[in-house]
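Presented below is the structure to which this report refers.
The values are calculated or read from the model by the stated rules, or taken from the named source; none is laboratory data. Here the structure is a predicted model, which means the values were calculated and not measured. Positions of Cβ are backbone-derived with ideal geometry, glycine not excepted, and every protein chain shown enters the neighbour counts. Note: accessible area is taken over every heavy atom of the protein model, side chains too, but ligands, DNA and RNA are not part of it. Shrake-Rupley method; radii C 1.70, N 1.55, O 1.52, S 1.80 Å.
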Amino acid sequence: MSRPAAIFLLIVAPGLAVLLALLGLETLRTNLLGWFLLLTGIIYAAGIAIEGYVRKEEFWESKQSGDNLQEERGDRSFWLISLGIMTVFFLSPIEYLYLATFQPHTVWMESIGVGLVLLGSTLFVWARRTLGIQYSGHVSVKKEQELVQSGPYRIVRHPAYAGYLFMALGLALGYSSLLGFVSTLLILLPATVYRIRVEDRLLAENFGTQFEEYVRKTKRLLPGIW
């Protein structure tokens, strides 16, 4: 991973996580999604502190043994998807708290939002646990890496990104945020599609026929659709 991206993860990201937790704390009295933001912010900040400062590990890199065979240079997809996630995760509660919303807040919208966030969180955690030591925040393929096709990867090729999108939509709906919804469609979704194309290209180049067979069996994000 590039030095600017690593610095961002070590220094800027923990501060943003704390701010997210504070937004969650401010909204939890009137919206259940406040608990999600509070816990997400705390867990993320604590995880960076433990991995980056206590254990002094490059937690953005895969723990899989072996050297990188190929990797994305410049981390463009990292910056794009990080921008998308930050925009949606922050704009939704900010609009709910401080801006005149264009959508009325209703119990059913909040309930659907909570359901989507739970679905997205479950999918993301399931994908992370399935990847195990092969998980990496930096797009790369290592020498000893295997093509994972178990767990949620039997259903779609990029379940963690599907989880991000479900969470983003859930926050936008649950907070009745038009800005969050528009940001999901115009920023996070295109960034996710770009990152998927980068990953698929590296996987195709390194796993060849095995990846081609996997592609024939699975879609990228939504089963049977795309």
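Computed quantities for the displayed model
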{"read-out": "Qualifying residue in the range 89-104 (condition: surrounded by 20 or more Cβ atoms within 10 Å (Cβ to Cβ) and β-branched (Val, Ile, Thr))", "value": "no"}
{"read-out": "Options ARG129, ARG195, ARG154; residue that is open to solvent by less than 20 Å² (accessible area, probe 1.4 Å) and of a type in the set (D, E, K, R)", "value": "ARG195"}
{"read-out": "Boolean, LEU32 is open to solvent by less than 30 Å² (accessible area, probe 1.4 Å), touching a residue at least 60 places away in the same chain (Cβ under 8 Å) and under 23 Å from PHE89 (Cα atoms)", "value": "no"}
{"read-out": "Which numbered condition LEU178 misses (of (1) under 30 Å from TYR96 (Cβ atoms); (2) surrounded by 18 or more Cβ atoms within 10 Å (Cβ to Cβ))", "value": "(2)"}
{"read-out": "Residues of the range 104-138 satisfying the condition of being among the hydroxyl-bearing types (Ser, Thr, Tyr) and either outside any helix (DSSP H, G or I) or under 14 Å from ALA172 (Cα atoms) (or both)", "value": "THR106, SER111, TYR135, SER136"}
{"read-out": "Matching residues, the range 51-73, being within 20 Å of the chain's Cα centre (by Cα) and not in a loop (DSSP other than H, G, I, E, B)", "value": "GLU51, GLY52, GLU71"}
